[in-house]
């Protein structure tokens, strides 16, 4: 059974760096073809891709946010970490991590999401 | 790159059928058969309902169907039920990015 869960702060101040951790089970990021991605959703708005990382450490970022994002994995801990620098109130959103295959737009397993509010 | 274009809202009565459109370009929806549809209830994570334009994952009701014509993909829900009331998002592979694209979302109201 594949499960994923996001963890991190629920409130960050403007200009701070956000660090989110996705802890998963039921699969390994040492398995060829698998990856983990991050997707966010501002309140009442659409889904937005942020970043993904594959088993071979191949990484991809949203072009509009690339300068602010870093994604890493710890295969031994079954964790993927996303950092986003220089947080702004417009970054307030629910952040989801998701299990990926090479067909990135077919996501069968999602975390429950974690709401991050950016406010002073 | 811009999100795929969906109507903001659609509505229908129980038992009726509705169709949600998702318009992209030849670089995404029109160029590849990699369109998926997701259902999202309030406060919940999205659930995949259709993949590869018209395929249903195991466990998804056959009341949900997908199709594509040119640069526009469509999700049809027949025999509307109250439980179908949710937000629906399309997603497509794009040649412009490894990450793919999401649509802006459509709120389905069952009257």
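Observations on the model:
- Inter-chain Cβ neighbour count for A:94-106, averaged per residue, equals 4 (cutoff 10 Å, partner chain atoms only).
- Highest average packing first - B:91-103, B:32-44, Cβ atoms within 10 Å: B:91-103, B:32-44
- Along its first, second and third principal axes, ordered by size, the protein assembly as shown spans 48, 41, 35 Å in Cα coordinates.
- Taken over chain B, the alpha-carbon convex hull comes to 93 cubic angstrom per residue.
- Working note: Debye formula, equal point scatterers on the alpha-carbon atoms of chain A, no solvent; log10 I(q)/I(0) at q = 0.09, 0.16, 0.17, 0.19 Å⁻¹ is -0.21, -0.69, -0.78, -0.97.
- Average beta carbon contacts from partner chains per residue of B:89-97, 10 Å cutoff: 3
- A simple spin-label model places pseudo-atoms 7 Å from Cα toward Cβ; at residue B:82 and residue A:83 they are separated by 4.9 nm.
- Backbone N within segment B:74-97 under 20 Å of label point (7 Å from residue B:55 Cα along the Cβ vector): B:74-76, B:89-95
- Within the protein assembly as shown, DSSP assigns beta bridges of which about 90% are antiparallel (rounded to the nearest 5).
- Among B:49-56, A:62-69, sorting by the average number of other beta carbon atoms lying within 10 angstrom of each residue, highest first, gives B:49-56, A:62-69.
- Placing pseudo-labels 7 Å out from each Cα toward the beta carbon at residue A:64 and residue A:7 gives an inter-label distance of 3.1 nm.
- Taking every residue in A:45-54 and counting other chain Cβ atoms within 10 Å of its Cβ, the average works out to 4.
Readers should treat all values here as calculations from the given coordinates under stated rules, not as data from a laboratory. Quick caveat, the model's predicted, so the values are computed rather than measured. Neighbour counts are summed over all protein chains in view; Cβ atoms, including those assigned to glycine, are modelled from backbone coordinates with ideal geometry.
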